[in-house]
Amino acid sequence: MFRRHKAVLVAAVLISLAAGFHLGVREGARGPVPAVESTASGPGPLRGIWVVRHALTSRASIDQVVDTARAVGATALFVQVNGRSEAYYRSRLLPPAPGIEPGLDPLDYVLERARRAGLEVHAWINAYTAGLLLERPAHPDHVLNRHPEWVTVDRDGRSLWDYSLEEALAHVPARMLDPGVPAVQEFVFQSVMEVAERYPVAGIHLDYARYPSRRFGYHPESLARFWAQHGFDPVTLEREPAAFIRQHGIDAYWAHLDLWDAWRREQVTDLVARIGQALRERRPGVRFSAAVHGDVDDAVANRLQDWPAWVERGLVDAVVPMAYSADTAQVVRQLEAAAALVRGAGVALYAGLGAHLLRAEPQLLAHQVAAARAAAADGVVIFSHETVLESSAIRAVLTPEWTGAGPPLGP
């Protein structure tokens, strides 16, 4: 599975050889735990749209999203209520997102409008992305201001705070917290459960539950925890592979490196497992889904996101592989691989399709929806609401697929 990853490392080794909590809870009383509302219009496969957080700042923009989703035949909205550790809901843990219309609780209003429109609402929450790359958040209670030390660190010991904008853009989508820090795990867990326990959402949808890449995760606290468990320093292993190989051999080198990678994967998997268990215990009926990288090999080897293990262990109710590509053959390969993983596992497969890449050739969206159907997917989620709103051509393709004028989606 990891041949490409190891080939890169082999090259690096050969070159080297040749060269000789405090959570910061905000004030406010916890509201009563509401019942889960399932409002999807009738049985059948899920037809979802990812709604990016910028659409949640006003009643008018939310109305537009809901009305358009209903018109094209959607049954579910995946609304981004926490993308950068800022809340598009009434939170005791996170500061409010900027720019929200006065008096508006975006998630509450989405739930009200969606219920009337016959749409489910899944709360889309980013796990480890915490802020913009260019500047700190303005709110003093933001996690990056309260705990700047939680930001992840690369293998050279450089925090993301030390990266220039150009460097950061090349390696990360945002300022990201380090999954190997226990206080970070607690912060993310509490942020997720606050939404699940206070709002009648149909689902919790976890995104960015991964490392940016293998380059990161070298936070001093993570390294100390790993050393305590396994007795060696992965930094030395990464920086001085030739010396290690001369002393211990190439097989031992790979074994130690794999152990460090596995430990980092476990940090993410442990969070997913904890959230899933808590939802089953505290909010039965709320579906737990995860957006996962579409390329399974790259997800596991480079992004340290072992979502096949999540499926095998039944930690989630559904996975949404982000098979974003204008190359439909690639989409087919990724969905077929995902379908093989979920088969018999009792975990649903929703195909994540990147309509934002298909504006110039909207007919490709029909082909990709057909690919999801052929893979026996349990539904489709479209990225994103912006493309659906702005592109009449995309709507013209999607509507017949979702309203019954086209062939039905699903097994």
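If the condition is being over 23 Å from Leu160 (Cα atoms) and in a loop (DSSP other than H, G, I, E, B), then region 195-217 contributes Tyr199, Pro200, Val201, Ala202.
Note on region 154-168: residues that are crowded, with 21+ Cβ neighbours inside 10 Å and out of contact with any strand residue (DSSP E or B) (no Cβ under 8 Å at 6 or more places or on another chain) amount to 0. Set side by side, the residues Ala60, Ala35, Ala40 differ, and just one is at pLDDT below 95, exposed (fewer than 15 other Cβ atoms within 10 Å of the Cβ) and among the aliphatic types (A, V, I, L, M), which is Ala35. Cβ-Cβ contacts under 8 Å between residues 6 or more apart (or on different chains), taken from a first residue in region 234-247 that is on the phi < 0 side of the Ramachandran plot to a second residue that is surrounded by 15 or more Cβ atoms within 10 Å (Cβ to Cβ) and not in a helix (DSSP H, G or I), are listed as Pro234/Tyr218; Val235/Arg155; Val235/Tyr218; Glu238/Arg155; Arg239/Arg155.
Only one of the listed residues (Leu111, Leu144, Leu119) is within 20 Å of Ala69 (Cα to Cα), out of contact with any Leu (no Cβ under 7 Å at 6 or more places or on another chain), buried (at least 17 other Cβ atoms within 10 Å of the Cβ) and not basic (Lys, Arg). That residue is Leu111.
Taking the stated definitions as given, is Ala228 small (Gly, Ala, Ser), surrounded by fewer than 19 Cβ atoms within 10 Å (Cβ to Cβ) and either over 29 Å from Asp162 (Cα atoms) or out of contact with any helix residue (DSSP H, G or I) (no Cβ under 9 Å at 6 or more places or on another chain) (or both)? Yes: the conditions hold for Ala228. Residues in region 169-194 that are surrounded by fewer than 20 Cβ atoms within 10 Å (Cβ to Cβ) and hydrophobic (A, V, I, L, M, F, W, C): how many? The total comes to 6.
Only one of the numbered conditions (1) on the phi < 0 side of the Ramachandran plot; (2) touching a Lys or Arg at 6+ places or on another chain (Cβ under 7 Å); (3) not hydrophobic (A, V, I, L, M, F, W, C) is violated by Gly379, and that is (1). Only one entry of Glu266, Glu197, Glu149 meets the criterion of being surrounded by fewer than 21 Cβ atoms within 10 Å (Cβ to Cβ), of a type in the set (D, E, K, R), modelled with pLDDT of 95 or more and closer than 28 Å to Leu134 by Cα, and that entry is Glu149. Looking at this structure, is Arg343 more than 20 Å from Arg210 (Cβ to Cβ) and either basic (Lys, Arg) or in contact with a strand residue (DSSP E or B) (Cβ under 8 Å, 6 or more places away or on another chain) (or both)? Yes: the conditions hold for Arg343. In region 355-375, the residues that are at positive phi form no Cβ pair under 8 Å with any partner that is in a helix (DSSP H, G or I), whether six or more places apart or across chains.
Residue count for region 316-362 satisfying the condition of being more than 26 Å from Asp270 (Cβ to Cβ), of a type outside the set (S, T, N, Q) and over 17 Å from the mean Cα position of the chain (by Cα): 17.
Only residues that are closer than 23 Å to Pro173 by Cα and either touching a strand residue (DSSP E or B) at 6+ places or on another chain (Cβ under 9 Å) or assigned to a helix (DSSP H, G or I) (or both) were counted in region 55-73, giving 2.
The values are calculated or read from the model by the stated rules, or taken from the named source; none is laboratory data. Just so you know, these numbers come straight off a predicted model, no measurement behind them. Backbone-built Cβ (ideal geometry, glycine too); neighbour counts: all protein chains shown.
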